[in-house]
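See structure below.
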């Protein structure tokens, strides 16, 4: 078998990526080979027509030179994945979605001659509404990155960045969904405190945030202009914004994002 893409790991993100890629006809099922030890996850991919094996040790023989490898394991399993690959990735294009793992670290693990395409998708990729950063600082060329661009375009938007910005991207886009969920949780709890039952409060918050996010996405106006449009002088929204400003919420959000970026750099250095 000479797959176009050999995948190591069949978790949630690999499922989202491959499901979208198959749906968009980026790849056909017989162009993918996936290694995953969990039999239940293998069954899912097999139901899509994708051939699976229990271990990446099966990748050692028979690949065409053009076969690329997608590393989709958790970062702590990089060494195990590299051991299973047993040099099969050396000299190949390796697409890595390992959070906090630099291209240099991945190359050292899988083979110094590997050309690493480092990719960072975010959680909304699961529903085709993600944004993915792609960095090719490790020597991958435009031809090498073509498959990654097609794969991740199927799960949302793409930005190409220098790898030095990957921690900053993670702080904004990777961790960003959690900031919104944090806001949603607090808004829903406030609704309950004001007398709504949990179901109604949850419905109000979900509809409000989805509607506002969609408006922000589709409008030519920036966030500042849209916020001003909702904020009448001395009105209800103005009272809320003044309270947030008095509490230093804007500064706290900035500090939180910088803290996430700095922690990413710390993890990468460990």
The residue that is nearest to residue 73 (Cα to Cα), considering only those in region 114-135 that are in contact with a helix residue (DSSP H, G or I) (Cβ under 8 Å, 6 or more places away or on another chain) and assigned to a loop (DSSP other than H, G, I, E, B), is 121
Could you list all residues from region 1-27 that are out of contact with any helix residue (DSSP H, G or I) (no Cβ under 6 Å at 6 or more places or on another chain), closer than 12 Å to residue 44 by Cα and outside any helix (DSSP H, G or I)? 11
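When you go through 206, 255, 227, 263 one by one, which is the residue that is modelled with pLDDT under 95 and not assigned by TED's automatic domain parsing to the domain that holds residue 160?
Working: 206 fails: modelled with pLDDT under 95; 255 fails: modelled with pLDDT under 95; 227 fails: modelled with pLDDT under 95.
Checking each option against the conditions leaves just 263.
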Can you tell me which residues in region 97-126 are under 13 Å from the mean Cα position of the chain (by Cα) and free of Cβ contacts under 8 Å to residues at least 60 places away in the same chain? 98, 118, 119, 120, 122, 123, 124
Among 64, 28, which is the only one that is more than 23 Å from residue 100 (Cα to Cα) and free of Cβ contacts under 8 Å to residues at least 24 places away in the same chain? 28
Residue 27 passes all but one of the listed conditions (1) touching a strand residue (DSSP E or B) at 6+ places or on another chain (Cβ under 8 Å); (2) on the phi > 0 side of the Ramachandran plot; the exception is number (2)
Report whether or not residue 250 is touching a helix residue (DSSP H, G or I) at 6+ places or on another chain (Cβ under 8 Å) and surrounded by fewer than 12 Cβ atoms within 10 Å (Cβ to Cβ). yes
Residues that are under 13 Å from residue 14 (Cα atoms), at least 3 per element: which strands (runs of 3 or more DSSP E) completely within region 28-104 meet that? 32-35, 68-71
Taking residue 144 and the conditions (1) modelled with pLDDT of 95 or more; (2) surrounded by 15 or more Cβ atoms within 10 Å (Cβ to Cβ); (3) more than 23 Å from residue 269 (Cα to Cα), which numbered condition does it fall short on, given that it satisfies the others? (1)
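Yes/no matrix, rows are residues, columns are (1) touching a residue at least 12 places away in the same chain (Cβ under 8 Å); (2) crowded, with 18+ Cβ neighbours inside 10 Å:
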position	(1), (2)
158	yes, yes
165	yes, no
172	yes, no
175	yes, yes
179	yes, no
193	no, no
197	no, no
200	no, no
Output yes when any residue across region 243-257 is under 28 Å from residue 16 (Cα atoms), assigned to a helix (DSSP H, G or I), in contact (Cβ under 8 Å) with a residue 40 or more places away in the chain and touching a strand residue (DSSP E or B) at 6+ places or on another chain (Cβ under 9 Å), and no when none is. no
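Take residue 140 and decide whether it is on the phi < 0 side of the Ramachandran plot and not in a loop (DSSP other than H, G, I, E, B).
no
Here is a yes/no grid of residues against (1) in contact with a helix residue (DSSP H, G or I) (Cβ under 7 Å, 6 or more places away or on another chain); (2) under 21 Å from residue 175 (Cα atoms); (3) surrounded by fewer than 18 Cβ atoms within 10 Å (Cβ to Cβ):
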site	(1), (2), (3)
63	no, no, no
74	no, yes, yes
81	yes, no, no
86	yes, no, yes
100	yes, yes, no
103	yes, yes, no
109	yes, no, no
112	no, no, yes
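The values are calculated or read from the model by the stated rules, or taken from the named source; none is laboratory data. Just so it is clear, the structure is predicted and the values come from calculations on it, not from any experiment. Note that we place each Cβ from the backbone using ideal geometry, even for glycine, and neighbour counts take in every protein chain shown.
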